[in-house]
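What follows is a short report on a single structure.
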Amino acid sequence: MSSNCEFPAQIHSYRPICRSGTGAFGAVWLVKDAVGKRYALKVVYKLSLGSDWKREFHGLEHYQNQVTAHPNLIRIFHIEDAPDFFFYTMECADNLCAEFDTELYQPATLANRLRREPPLSATEVREMFDQLLDGLEHLHEAGLVHRDVKPDNIVFVNGVPKLGDIGLVSTTSQTLSLAGTRDFIPPEYLTGQKKLPNQEIDIYALGKTLFCAFSGQEPDRYPLLPRSILKEPGKKQLNDLAKRACAVEPLMRLKTIREFRLFLHGRAGWGYEFIRLFRGLYLLLRFPVVLVCLAIRFLISRKWILILLGLLILGWLGMVLKALVRLEKVYHPYEYGIHADTLKLAFSTWHLPFSGHDLYDFYKKDDFSLKHYGERRLVTREEYLRAKNFGIPSQSLDMGLEIEIGDPEEAGGKVVSRKIVYPTPDVTQDTPLDGEYLHELCFRGVRSPEWSVPSGTEWQGGVMTLPAVRRGVLKFQEELPLRSEIRLSFDPSDFCGTLEFYLTAAEYVPVAGRPVPETQIRRQLRFRMRSTGGLLVFEPALYREQDRTEDELAEIGDPKTGAVEREERFCELRILFADHCRRVYLNGTLVWATFPAFFGGFFEMRYRSEAGSLRINDFAVYDTGIVQPGEKRESRLSLPARRELRGSGGREEE
Amino acid sequence: MAFTTRGSLLSAVGRGDEVAWDEFYRMYKPLILLRGGDLRLNQTEKEELVQLVMLSFFHTAKTFRYDRSRGRFRDYLKRVIQNKACDLMRKRQDNTVSVGLPDEVLGGIPAEAEDRWEDEWRKLVLNQAFEELKLRCSPTTLQSYDLFVRQQLPAKEVAKLLSIRPNAVYQHKARVEEMLRQIVRELDEQQL
């Protein structure tokens, strides 16, 4: 095998004049044929290229077969394959040295010109690149990519710039190993993000070549420029073009020869900026996807995060499993295995122990079969209330509570305490109800297993007589409907003492894992009155918050009237849920109107007798609710007729 | 810049990537020459040292795995250079009169040489950081920084030359400096 220094002896048809260039894979010689015509002859040694020599050879084939002659593409005259090497002859470049026929031959490439002379003027650059763009466009139209555009490969033949060294020419469908010169290859190809060569590679390289041409700088200096260059006429525009052709973000680069030419001649108008704007928008839209990919990459690259995530997922699955076991026990106590419905529910309710809500087993209370055998669900209190009271405004579900911050001025500008204020609703006898209310009887009777009565209670003729002891509790065992009305008819004529009516919240459902306090103190609403023979005197209503003690009772509403003189033997007490508040009427006279509204709960009456006994002749519980569209119920709630009071302690008149 | 970190460069070298080799060579050749000079090698020997060190990496490239916990890459490279320099010196002993035994030469490396090595390494890091910067910044930002900070042109003039607002020049400066700091920090964290 011949070395790069020697002209291969196997080539007989050409006589070498001098070597004009040497590369890693071969050498370029200035030769002349038998009639003295000069050519550039490139010898490529197969051994030095390994199997890649075929790639270069195929590149030549493509070039010869697919590309027709063009004044700005180097012409190839002859290709020959030998056992150790192949060679081809092409047009030879002009000589930059004055004496052509001597050893002092320096091919007129752009790189050599830039080494010898100062940078080209803007006009020269424009003229030269205009022609090069023609050549490159012709190549691209043939479906080929040059892949090695750089100042060394731009040769001047008779003063005409041509794209030379077509050794790396390939089709756009070929996936090839990285080739070309490092500084002229787009970064995404260097990092391996892109493999398939396309015409954008050539445009990028042409941009870098342009940078070298107008600035005289080495390509690795890009984009740094001496200030003097930018001050030269027309160079600012060329600098702008180079930056656009070699932008960091591939999407923002010039994409076609046409775009390059428009900028070269300064003819790119707002249309191109519009396209760039769209490309920018696309980049922005792509950003979240990129962000997700980066996040995934970040997670994968750090083992401790993966371990942490794994532990979290395991913990979550544990919670789901715990909820599942509990739900299986509730819904399918006599069946083994996992049911789809409980599994689904477990996934959605696993977090409930953390949610800060109370848990309720919810069922439709007005349906006996459903209550005992039907669907039961685990819900939060809010969900429970919403399910039972469709259409209730959310503030009502908050029980009408308002949180006030202590006066900052009093505490030197600092918030000192939080006080919960229960506003007294401005409800009078004349206040109409907001909607129409249902009035369905749920329970009636004074002698029933639902009643828990003190020992010694007697019944006679449908009248319950409570024992004349000092204290006693009369409790209705059933939970009240969510929105209810209680009617109690009692005879206080012989009774002298205190009567207290309690509304207590429903029991908690025990939650697995949550400690149940020994004494579970629930919310409670109390109305208290004092009976002195014929006169009933009312005291402010009291409210106890959840988990508060007896000492933390809050007064939440003075009675609307001071005292009522008994008109008949039996008095009728009505505790009504209406307008998101509790109203209490005695013989049709509004006595209390209080927030909180207090949904559901249990009713009990406590009494403390000083003398005489109390008699009860009627007790009824009604379910009240807002009339839904299309719903028909016969009974409606009627408000007590308006009564005028003659004064505190006076008799009432119709 | 083909490889954003030296870690990725080393792994690419391990894969036999041609561009990575080229970059590896360009990056570390000056350091090898510097160390060769400190070890009192002549010009020919220094060139040979470069070849030997590169060959050494080439032979071990496929099995070479950089493990940060075992030390910094720069120390590893220094060790390889010294070993190869010793080989050269031993070879020289066979043919010519030696100025000293390899161990003596290694023991006699002045402290300034170590400082020079560290300085050169720092320069390498900065150059690499700037190369990395080219991938992260827009060309206009870099040009603006270069003209304003390196070439010390007034902000107004820079703005006029690059057709940007004068305010943007200051923003570009702050952005580039922040990025540069971050890249250097990243490179330092790699402890290569």
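Regarding A:Asp134, is this residue modelled with pLDDT under 90, of a type in the set (D, E, K, R) and in the same structural domain as A:Gln217 (by TED's automatic domain parsing)?
Numbers: modelled with pLDDT under 90: no; of a type in the set (D, E, K, R): yes; in the same structural domain as A:Gln217 (by TED's automatic domain parsing): yes.
In short, no.
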Problem - Candidate set from the range A:184-220 (those that are within 11 Å of chain B (Cβ to nearest Cβ) and of a type in the set (Val, Ile, Thr)); member that is surrounded by the most Cβ atoms within 10 Å (Cβ to Cβ) - result: A:Ile185
Practice task
List every residue pair whose Cβ atoms sit under 7 Å apart, with the two residues 6 or more apart in sequence or on different chains, where the first one lies in the range A:598-623 and is assigned by TED's automatic domain parsing to the domain that holds A:Lys475 and more than 19 Å from A:Trp459 (Cβ to Cβ) and the second, anywhere, is of a type in the set (S, T, N, Q) and in a loop (DSSP other than H, G, I, E, B).
Solution key: A:Phe599/A:Asn389
Handout entry: Residues that are assigned to a loop (DSSP other than H, G, I, E, B), under 18 Å from B:Lys134 (Cβ atoms) and modelled with pLDDT of 85 or more, drawn from the range A:186-220
Key = A:Pro186, A:Gln217, A:Glu218
Exercise for the section: Pull up the range A:77-105, narrow it to residues that are touching a Cys at 6+ places or on another chain (Cβ under 9 Å) and surrounded by fewer than 17 Cβ atoms within 10 Å (Cβ to Cβ), then point me to the one that is modelled with the lowest pLDDT. Expected result: A:Thr102
Completion exercise
The lone condition B:Leu153 fails out of (1) within 10 Å of another protein chain (Cβ to nearest Cβ); (2) part of a helix (DSSP H, G or I) is (2)
Problem - Residue within the range A:26-37 that is at pLDDT 85 or above and either closer than 29 Å to A:Glu141 by Cα or outside the structural domain of A:His140 (by TED's automatic domain parsing) (or both) present - result: yes
Exercise for the section: Being assigned to a loop (DSSP other than H, G, I, E, B) and at pLDDT 85 or above is the filter here, so list the residues in the range A:435-446 that pass it. Expected result: A:Gly445, A:Val446
Handout entry: Candidate set: the range B:130-140, residues that are under 17 Å from A:Gly207 (Cβ atoms) and assigned to a helix (DSSP H, G or I); chosen: the one nearest to the other protein chains (Cβ to nearest Cβ)
Key = B:Pro139
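Residue-wise test of (1) away from chain A (no Cβ under 14 Å); (2) at pLDDT 75 or above; (3) not in a helix (DSSP H, G or I).
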| site | (1), (2), (3) |
| --- | --- |
| B:Thr4 | no, no, yes |
| B:Leu10 | yes, no, no |
| B:Phe64 | yes, no, yes |
| B:Val97 | yes, no, yes |
| B:Leu106 | yes, no, no |
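Does the range B:161-179 hold any residues that are within 14 Å of chain A (Cβ to nearest Cβ) and either closer than 24 Å to A:Pro186 by Cα or surrounded by 15 or more Cβ atoms within 10 Å (Cβ to Cβ) (or both), and which are they?
From the range B:161-179, those within 14 Å of chain A (Cβ to nearest Cβ) are B:161-164, B:169, B:172, B:175-176, B:179; that's our starting set.
Scanning the range B:161-179 gives B:Leu161, B:Leu162, B:Ile164, B:Val169, B:His172, B:Arg175, B:Val176, B:Met179.
The values are calculated or read from the model by the stated rules, or taken from the named source; none is laboratory data. Remember, predicted model here, so these are calculated numbers, not experimental data. Note that each Cβ is placed from the backbone with ideal geometry, even for glycine, and that neighbours are counted across all protein chains shown.
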